[in-house]
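Below you'll find the structure, written out as structure tokens, and then a few comments.
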Amino acid sequence: MKKLISLVLCLAITAGLAGCEKQQTDDTPTVEPAPPFSPLGDVVEGRRDIYVIVKNLESSYWQVIIEGAKDSSYDLDCNVYCSGTYVETDWESQARLMDEAVQAGADAVILAPDDSVKLSGKIDEVYATGTKLVLIDTIANTDSYDVCYMTDNLMAGQQAAAEMLRQLRNMGCSDSEPLEVGIQVGAITSQTINERLAGFLQYWSENAPEGWSVIPDIQCNEGDPDKAIVCAEKLLDEHPDLKGVFGSNNGSAVGFAKIISQRQRTDVAVVGFDYSEDIAALIKDENYTASTMLQRQYDMTHTGIETALALMDGAEIEEKFVDTGIVTVNSETIDDPEIQETLKHS
């Protein structure tokens with residue numbers, strides 16, 4: 001029975017995400033073009049040049065990525081340049097930036113792909129030039145890269161679902177009474193987001209009580225922080241009795257946190273990804289129930305650049321994929337030394 005429910009749910013969600021993709025095509029907002037590359041730290045003649053391309057220059061999550069890149073310029077004695085997009089669907093700008101990096105003589109490109117499929121051709125081109133290419137945060141639909149540093153997102157999605165079930169029970173929700181949880185995602189073209197969603201749904205279908213369900217109408221904000229708030233409002237308006245919300249990325253989690261706080265919905269459990277002032281405020285407020293899956297994105301870039309430099313010196317990489325890991329932050333764990341250490345770069 002559980003497998004049947006899981007199949008029906010996944011089919012419904014696939015249809016919902018397909019509808020979201022159609023909406024993106026029919027009503028594409030004006031996107032601010034990616035800015036030129038700018039140096040992070042000092043530029044010293046004779047040092048190797050590393051070009052970093054991120055998904056969202058204005059996101060708190062990606063600012064930590066940039067911090068890791070900037071520190072690398074000092075710690076690892078290299079020149080680091082950075083640019084990126086303003087929304088996580090602007091893969092065309094990332095393709096242009098990759099071309100610009102190669103034309104500028106980049107020794108290595110560190111890339112977080114906006115679109116795991118549509119950028120694969122450009123990734124192939126850059127890798128074929130001999131430029132060292134390290135992926136961070138998100139994998140791409142190609143083998144033409146040296147190594148990828150990212151979270152094991154399928155496992156992370158499963159961990160998020162387990163945390164949601166735990167928090168709902170902590171709130172006093174009974175296994176024998178029906179309830180609903182809602183989900184919001186960022187860019188549906190990101191393999192990262194899709195794997196987290198798949199992991200969450202898989203764990204939920206196998207472990208949630210029979211009457212606990214996921215609302216099939218999954219909201220998609222396209223990486224737009226303003227739309228993330230609208231999506232959160234829509235879910236709460238259309239399902240006023242829902243008991244939990246899952247934000248599969250930083251922007252989605254922030255959208256939920258803002259509206260849950262604004263409406264003082266202390267009866268709704270929030271599980272998100274990454275760390276922001278909004279989600280931290282809920283975690284620290286004893287009136288709310290909130291958790292977040294904290295990634296080690298600082299390490300993704302810092303270690304990624306370190307690896308790229310080592311590759312230039314002839315090092316060989318045994319693993320194509322390296323899981324940088326996550327920790328669960330909630331009111332019970334926030335003061336743990338491991339989490340406090342990770343939060344220094346969040």
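Along the axis of the charge dipole computed for the chain (Cβ charges of +1 for Lys and Arg, -1 for Asp and Glu, origin at the Cα centre), the listed residues 133, 295, 176 are led at the positive end by 176. Placing unit charges on the Cβ atoms only, positive for Lys and Arg and negative for Asp and Glu, gives region 168-287 a dipole magnitude near 180 debye about its Cα centre. Gyration tensor over the Cα atoms of region 120-175: the corresponding equivalent ellipsoid has semi-axes (square roots of 5 times the eigenvalues, largest first) of 40, 9, 6 Å. Placing +1 on the Cβ of every Lys and Arg and -1 on the Cβ of every Asp and Glu, with no other charges, gives region 75-174 a dipole of roughly 500 debye about its Cα centre.
Taking the Cα centre of the chain as origin and assigning +1 to Lys and Arg Cβ atoms and -1 to Asp and Glu Cβ atoms, the resulting dipole is close to 660 debye. If both residues of a DSSP beta bridge must be in the chain, then about 15% of such bridges are antiparallel. Sequence-distant contacts, meaning Cα pairs under 8 Å at least 6 residues apart, place the relative contact order of region 116-236 at 25 percent. Ordering 191, 116, 147 by Cα displacement along the dipole of region 67-193 toward the positive end leaves 191 in first place; charges were set at the Cβ atoms of Lys, Arg (+1) and Asp, Glu (-1). Give me the orientation-averaged projected area of the Cα convex hull of region 148-217, in nm², one decimal. Averaged projected area of region 148-217's Cα convex hull equals 5.1 nm².
Local charge for residue 324 was computed over the other residues whose Cβ lies under 11 Å away, with Lys and Arg +1 and Asp and Glu -1, and equals -3. Modelled this way, with points 7 Å down the Cα-to-C-beta line, the labels at residue 323 and residue 238 are 3.4 nm from one another. Note on the chain: Rg/Rh from C-alpha atoms, Kirkwood Rh, equals 0.98. Peptides 314-323, 104-113, 117-126 ranked from most to least packed, by the mean per-residue count of other Cβ atoms within 10 Å: 104-113, 117-126, 314-323.
Cα centroid separation, region 172-233 to region 307-321: 37 Å.
Equivalent-ellipsoid semi-axes for region 166-295 (Cα gyration tensor, √(5λ), whole Å, largest first): 20, 18, 14.
Every number here is computed from the coordinates shown, using simple stated rules; none is lab data. Computed from a prediction, not measured in an experiment: that's the story for all the values here. For neighbour counting, all protein chains shown are included, and Cβ atoms are generated from backbone atoms with ideal geometry for every residue, glycine included.
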